[in-house]
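In what follows, a structure is listed as structure tokens, so that the remarks can point back to it.
The values are calculated or read from the model by the stated rules, or taken from the named source; none is laboratory data. Since we're looking at a predicted model, the values are computed, not measured. Glycine gets a Cβ as well: all are built from the backbone with ideal geometry, and neighbour counts include every protein chain shown. Note: areas computed on protein heavy atoms with side chains; ligands, DNA, RNA excluded. Shrake-Rupley method; radii C 1.70, N 1.55, O 1.52, S 1.80 Å.
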Amino acid sequence: MAQHQVLFVSHGGGPLPLLGDAQHEELVAQLQGISEQIEKPQAILVISAHWEAETATVTSADNPGLLYDYYGFPSESYEIEYPAKGHPALAQQVLTALAQHDVAATADDQRSFDHGVFVPLKLMYPAADIPVIQVSLLHNLDPQQHIALGRALAAIDHEGLLILGSGFSFHNMKAFFAPHTAETEKRNLAFENWLKDTLTRTDLDEAERKQSLINWAEAPEARFCHPREEHLLPLFVCYGATGRAADFYSMARTLGRTAGLFYWSKLSRTS
């Protein structure tokens, strides 16, 4: 069975990372840097925070378009191009793997790539020369089911696959636009440090690590950082696909907050 690289990125605010926004400079550098550090993939499977469905859904078109799923940005935000091809054969492999793991799934040949897909990929792989498919989150936002989704994705037998979780390890829209104080910084870091510790400690038993993630809402300042958890769940899918501690973590100041990136190299998944 093929082994996969797995990466979770915080993708920033809408199209701002592509527009030269000063509050995204660290994030842009981080995403450009990680693409130079890891092996270039032959195909990319993205789980974005911006697509939820009742059952796991997979893009299956040959040439998906782009979904400009943001509002109130400059006109050039709606002219961004990222003409990556789809990968119907890989989509079918995903459906097969999910079925074998009792995860209900369906294909969608009409869905376009949302900004959780094309914004980070345009920074990481601007040539758009790698085929891409997208897998939805589950609308129930259940953490255990998203870990199980990741475990099923790990079974895909496709050489050179990058599983990319695209979300945000801090996602409180009101807090992004509120005054930055020592107190809000403390609250941001309390959860970020818990997340980093939980996902990078090599001395944690995997059952303990998994249970900590399932119970993430009990972590310090969890609901301040994630009033709704859709931007956190792609990270849980990534963990599910690996079943072990992340090999690499880095942070970037984004919109005045600290957010993280996690990477797992091509090692066999821990059962």
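Assuming 0.36 nm per residue, please report the length gained on full extension of the stretch A53 to T200 beyond their Cα-Cα distance. If you can, show how the numbers build up before the last one.
Values: separation 147, 0.36 × 147 = 52.92 nm, distance 2.98 nm.
This chain segment gains 49.9 nm when fully extended.
Just the number please: accessible area per residue for the range 1-153, 1.4 Å probe, all protein chains included, in Å².
Numbers: 6390 Å² over 153 residues.
Normalised by residue count, the accessible surface of the range 1-153 is 42 Å².
Using amide H atoms built in the peptide plane, which far-off residues or other-chain residues are under 5 Å from A53 H to H?
For A53, the qualifying residues are L137, L138, H139.
Taking the alpha-carbon centroid of each part, what is the distance from the range 190-220 to the range 111-185 in angstrom?
When both Cα centres are located, 19 Å separates them.
When all C-alpha to C-alpha distances in the range 17-127 are sorted into bins of 5 Å, what percent of pairs does each bin hold, rounded to whole numbers?
2, 10, 18, 22, 19, 14, 9, 4, 1, 0
Where does the longest stretch of the chain lie that holds no trypsin sites (Lys or Arg not before Pro) found in a DSSP loop with 16 or fewer other Cβ atoms within 10 Å?
Free of exposed loop sites, the longest segment is 86-200.
Check cross-link reach from K266 to the lysines: straight Cα distance under 17 Å, and skip same-chain residues fewer than eight apart.
Cα-Cα hits under 17 Å: K40.
Starting from the Cα of Y70, step 7 Å toward the Cβ, then list every residue of the range 36-61 with an amide N under 17 Å from that point.
48-51
Can you give the Rg and Dmax of the chain based on its C-alpha atoms, in angstrom?
For the chain, the Cα-based Rg and Dmax read 17.2, 50 Å.
How compact is the range 139-256 by the rule of thumb for globular proteins, expressed as Cα Rg over 2.2 N^0.38 Å? It would help to have the intermediate numbers written out before the result.
Numbers: Rg = 14.7 Å, N = 118, 2.2 N^0.38 = 13.5 Å.
Scaled against compact globular proteins, the figure is 1.09.
Scan around Q134 for amide H atoms under 5 Å from its own, H built in the peptide plane at 1.01 Å from N, and keep only partners 5 or more places away or cross-chain.
Amide H neighbours of Q134, under 5 Å, 5+ apart: V46, T59.
Treating cross-link reach as a plain straight distance, find the lysines whose alpha-carbon is under 30 Å from the alpha-carbon of K174, omitting any fewer than eight places away in the same chain.
K122, K186, K196, K210
Label A128 and E81 with points 7 Å out from Cα along Cα→Cβ: what is the distance between them in nm?
Here the answer is 0.6 nm between the modelled labels.
Ordered by residue, what ³J(HN,Hα) values in Hz, to whole numbers, does the range 171-186 give under the Karplus form 6.51 cos²θ - 1.76 cosθ + 1.60, where θ = phi - 60° and Gly and Pro are x?
The phi angles translate into 8, 10, 4, 5, 5, 4, 9, 8, x, 8, 10, 4, 5, 5, 5, 4 Hz.
So how much slack lies between Q110 and Q23, counting 0.36 nm per residue of separation and subtracting their Cα-Cα distance, in nm? Each step should come with its number before you reach the end.
Values: separation 87, 0.36 × 87 = 31.32 nm, distance 3.38 nm.
Working it through step by step, the gained length comes to 27.9 nm.
Given a 1.4 angstrom probe, I'd like the percentage of the accessible area of the chain that is carbon and sulfur, rounded to a whole number. Numbers along the way, then the final one.
Numbers: 5510 of 11140 Å².
Answer for the chain: carbon and sulfur cover 49 percent of the accessible area.
Check cross-link reach from K85 to the aspartates and glutamates: straight Cα distance under 13 Å, and skip same-chain residues fewer than eight apart.
Hits, sequence-local ones excluded: D62, D109, D129.
Using DSSP loop states and a limit of at most 13 other Cβ atoms within 10 Å to flag GluC sites (Glu not before Pro), what is the longest stretch of the chain containing no flagged site? Intermediate values should be presented prior to the final figure.
On the way: sites that count: E39, E54, E79, E81, E159.
The answer is 160-271.
Between D62 and E36, what is the label-point separation in nm under the 7 Å Cα-to-beta-carbon projection?
Going by the 7 Å Cα→Cβ label model, 3.7 nm.
State the percent of C-alpha pairs, over all pairs in the range 197-250, separated by a distance greater than 16 angstrom.
Working: 593 of 1431 pairs.
That fraction is 41 percent.
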